[in-house]
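To start, the structure under review is shown below, and the notes come after it.
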Amino acid sequence: MKTKFAKTGRILLALLAFYGLSACSVEPWVKPYERDRLADPIMALDGDPVSTAYIQHVYEAREGARGGEGAAGGGCGCN
Amino acid sequence: MKLRQLITYLAFFLALPVSALGGVLPDDRGDVLYHRYEGGGVTIDGPSVLVRKQAGKSLSFVGNYYLDMVSSASIDVITTASPYTEEREQWSLGMDYLRGNTTMSVNYVSSVESDFDASTYAFSVSEDMFGDLTTLTLSYAYGEDIVGRSDDSTFRRENTRQHYGVGLTQILTRNLIATLNFETVTDEGFLNNPYRSVRYLDPGSARGFSFEPELYPETRTSNAVGLRARYFLPYRAALEAEYRFYTDTWEIEGHTASLTYVHPWGPFTFEGKFRYHDQTGAAFFQDIFSRSEATNFRGRDKELSPLTSYTFRGKVSYEFIDPNKGWGIFKRGSLNFSLDHLFVEYHEFRDITSGSLGEEALYELKANVYQVFVSFWY
């Protein structure tokens with residue numbers, strides 16, 4: 001039990017250290033003025049959240065796999 | 001972990017400086033969607049309405065109402081029960097709070113059916129870092145389900161569900177963005193469907209088999225890792241590739257991959273997508289068991305069978321409010337239609353209506369999923 005907590009603590013510290021690095025002045029290799037293409041609506045990773053949530057629910061109800069693609073709502077309505 | 005250690009970690013977290021660069025809250029928008037699923041003797045349709053609005057510079061609220069109206073005469077239903085109709089109503093409320101580069105989100109989801117209630121409480125923290133090239137998200141959700149039976153008002157079972165997620169979104173070049181997601185889900189409680197049955201060989205029956213209630217393990221833990229990348233093509237179009245690997249303690253292992261192409265043309269945007277999913281079956285799945293209570297756990301849900309599914313999607317969007325001009329309070333508006341054709345091949349689940357025992361064909365599902373929705377940004 002003690003080992004498990006120590007491991008959790010180390011993971012938490014690593015994540016916090018990563019978070020701390022964000023405050024450092026890392027030079028971005030893609031400048032803000034070079035992100036016009038990424039800001040185009042056709043590049044949105046989830047441009048239609050209502051539609052995405054619905055279709056993920058359809059897949060989760062009909063396949064044995066879940067997660068890793070974003071969360072769907074609870075309940076089923078799928079028998 | 002000792003309390004003192006926990007306090008040290010928390011103090012470290014709180015002492016971290018807030019960067020001068022700012023994160024971004026989601027855009028204010030409204031969506032009204034009509035969805036319809038038709039396939040395998042099942043029709044499910046209904047609306048979904050979402051409204052998102054900022055309050056001040058650091059808060060954004062979101063609400064969603066969703067309804068499924070189900071009319072089912074599926075292969076599971078017609079072989080062991082009677083066709084039925086029911087409704088599932090779901091609503092959710094959420095809030096995002098932005099502080100510097102950090103966005104904290106809380107969300108509550110309630111789903112209600114006549115025989116199934118689900119509540120989910122979710123919390124996540126996102127941090128934009130390295131000049132906003134990288135976004136790290138940690139998420140946690142807790143869900144409680146109450147399972148009932150429409151034919152037995154005294155039947156009541158519970159289960160709980162926990163989601164743990166880590167996501168990393170990375171701008172790689174001026175044309176390429178990628179996202180990596182890990183998600184672990186644990187369930188504990190009554191996990192089988194109270195209406196479904198397994199079948200077993202029964203020489204005393206005229207058909208050669210009989211049915212008995214299914215029985216699932218009371219715990220399940222799943223792990224999924226998904227990688228998605230989207231690339232801006234030189235002539236203003238986008239290509240997206242996605243892969244997910246899935247595994248769980250019921251011994252289901254799945255591979256999912258998809259390819260999407262997005263092509264704008266004037267006020268229209270066309271999208272085509274192909275998705276492929278392949279999975280092994282659960283350890284306790286069998287299409288037919290050798291005898292009654294043959295194994296400790298038993299299931300015949302077709303979703304737990306080894307299967308391969310293919311989805312072909314076509315979508316068209318029309319921008320009826322020019323984003324360069326706007327219209328009144330609206331910055332942008334679009335009308336969208338999509339059709340997903342779903343084809344599932346089950347490798348062990350058989351269609352028992354297709355012949356006598358030993359001559360039954362493997363079941364196949366063909367379904368169409370329609371969506372029509374209008375979106376406004378304001």
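How about region A:34-47: which of its residues are at the interface with chain B (Cβ under 7 Å from one of its Cβ atoms) and either closer than 14 Å to residue B:377 by Cβ or within 15 Å of the chain's Cα centre (by Cα) (or both)? Of everything in region A:34-47, just one residue is at the interface with chain B (Cβ under 7 Å from one of its Cβ atoms) and either closer than 14 Å to residue B:377 by Cβ or within 15 Å of the chain's Cα centre (by Cα) (or both), namely A:45.
Which of (1) farther than 17 Å from residue B:39 by Cα; (2) touching a Pro at 6+ places or on another chain (Cβ under 9 Å); (3) modelled with pLDDT of 95 or more does residue B:346 not meet, given it meets every other one? Going through the list (1) farther than 17 Å from residue B:39 by Cα; (2) touching a Pro at 6+ places or on another chain (Cβ under 9 Å); (3) modelled with pLDDT of 95 or more, residue B:346 breaks only (1).
Residues are listed down the side, and each one gets a yes or a no for (1) under 19 Å from the mean Cα position of the chain (by Cα); (2) more than 9 Å from chain A (Cβ to nearest Cβ):
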{"site": "B:71", "(1), (2)": "no, yes"}
{"site": "B:103", "(1), (2)": "no, yes"}
{"site": "B:109", "(1), (2)": "yes, no"}
{"site": "B:115", "(1), (2)": "no, yes"}
{"site": "B:123", "(1), (2)": "yes, yes"}
{"site": "B:132", "(1), (2)": "no, no"}
{"site": "B:138", "(1), (2)": "yes, no"}
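Have a look at B:85, B:43, B:79 and point out the one that is assigned to a strand (DSSP E or B), closer than 29 Å to residue B:300 by Cβ and over 21 Å from the mean Cα position of the chain (by Cα).
Within the list B:85, B:43, B:79, the selection yields B:85.
Does residue B:223 count as at pLDDT 95 or above and either within 24 Å of the chain's Cα centre (by Cα) or facing chain A (nearest Cβ under 8 Å) (or both)? Here the answer is yes, as residue B:223 does meet what is asked. The sole residue among B:161, B:156, B:149 that is charged (D, E, K, R) and either under 17 Å from the mean Cα position of the chain (by Cα) or closer than 20 Å to residue B:128 by Cα (or both) is B:161. For residue B:147, state whether it is in contact (Cβ under 8 Å) with a residue 40 or more places away in the chain and surrounded by 15 or more Cβ atoms within 10 Å (Cβ to Cβ). So residue B:147 passes the test.
Working only within region B:48-60, note down all residues that are more than 10 Å from chain A (Cβ to nearest Cβ) and either closer than 13 Å to residue B:93 by Cα or within 19 Å of the chain's Cα centre (by Cα) (or both).
B:51, B:53, B:60
Among the strands (runs of 3 or more DSSP E) confined to region B:168-269, the ones with at least 2 residues that are β-branched (Val, Ile, Thr) are located at B:176-189, B:219-233, B:253-265. Do you know which of the residues in region B:46-64 that are in a strand (DSSP E or B) and of a type in the set (D, E, K, R) is surrounded by the fewest Cβ atoms within 10 Å (Cβ to Cβ)? Once the filter is applied, the top-ranked residue is B:53.
Does residue B:135 satisfy being under 20 Å from residue B:60 (Cβ atoms) and in contact with an Asp or Glu (Cβ under 9 Å, 6 or more places away or on another chain)? Here the answer is yes, as residue B:135 does meet what is asked. Taking residue B:185 and the conditions (1) within 19 Å of residue B:298 (Cα to Cα); (2) buried (at least 18 other Cβ atoms within 10 Å of the Cβ); (3) not basic (Lys, Arg), which numbered condition does it fall short on, given that it satisfies the others? Only one criterion is unmet by residue B:185, namely (1). For the residues B:67, B:98, the requirement of being over 17 Å from the mean Cα position of the chain (by Cα) and in a strand (DSSP E or B) singles out B:98.
Applying a threshold of 6 Å to beta carbon distances and a minimum spacing of six or more residues, or different chains, the list of pairs starting in region B:264-290 at a residue that is closer than 25 Å to residue B:323 by Cα and ending at one that is of a type in the set (S, T, N, Q) reads B:269/B:317.
Could you give me the residue pairs with C-beta distances under 6 Å whose first residue belongs to region A:56-79 and is crowded, with 20+ Cβ neighbours inside 10 Å, whose second residue is in a loop (DSSP other than H, G, I, E, B) and at pLDDT 90 or above wherever it lies, and which are 6+ apart or on separate chains? Pairs that qualify, where the first residue is crowded, with 20+ Cβ neighbours inside 10 Å and the partner is in a loop (DSSP other than H, G, I, E, B) and at pLDDT 90 or above, are A:64/B:252. Being at pLDDT 95 or above, surrounded by fewer than 14 Cβ atoms within 10 Å (Cβ to Cβ), more than 30 Å from residue B:378 (Cβ to Cβ) and more than 8 Å from every other protein chain (Cβ to nearest Cβ) holds for only one residue in B:268, B:312, and it is B:312. The residue pairs whose first member lies in region B:87-116 and is at positive phi, whose second member is hydroxyl-bearing (Ser, Thr, Tyr), and whose beta carbons are closer than 9 Å, counting only pairs six or more residues apart or on different chains, are B:100/B:19. Considering only residues that are assigned to a strand (DSSP E or B), within 22 Å of residue B:369 (Cα to Cα) and among the hydrophobic types (A, V, I, L, M, F, W, C), which ones fall in region B:270-304? Passing the criteria: B:270, B:274. The residue of region B:337-378 that is surrounded by the fewest Cβ atoms within 10 Å (Cβ to Cβ), among those that are of a type in the set (Val, Ile, Thr) and within 11 Å of another protein chain (Cβ to nearest Cβ), is B:372. If you go through region B:109-144 and pick out every residue that is surrounded by 18 or more Cβ atoms within 10 Å (Cβ to Cβ) and part of a strand (DSSP E or B), you end up with 18.
The values are calculated or read from the model by the stated rules, or taken from the named source; none is laboratory data. Being a predicted model, the structure only gives us computed values, none of them experimental. Ideal geometry is used to build each Cβ from the backbone, glycine not excepted, and the neighbour counts take in all protein chains shown.
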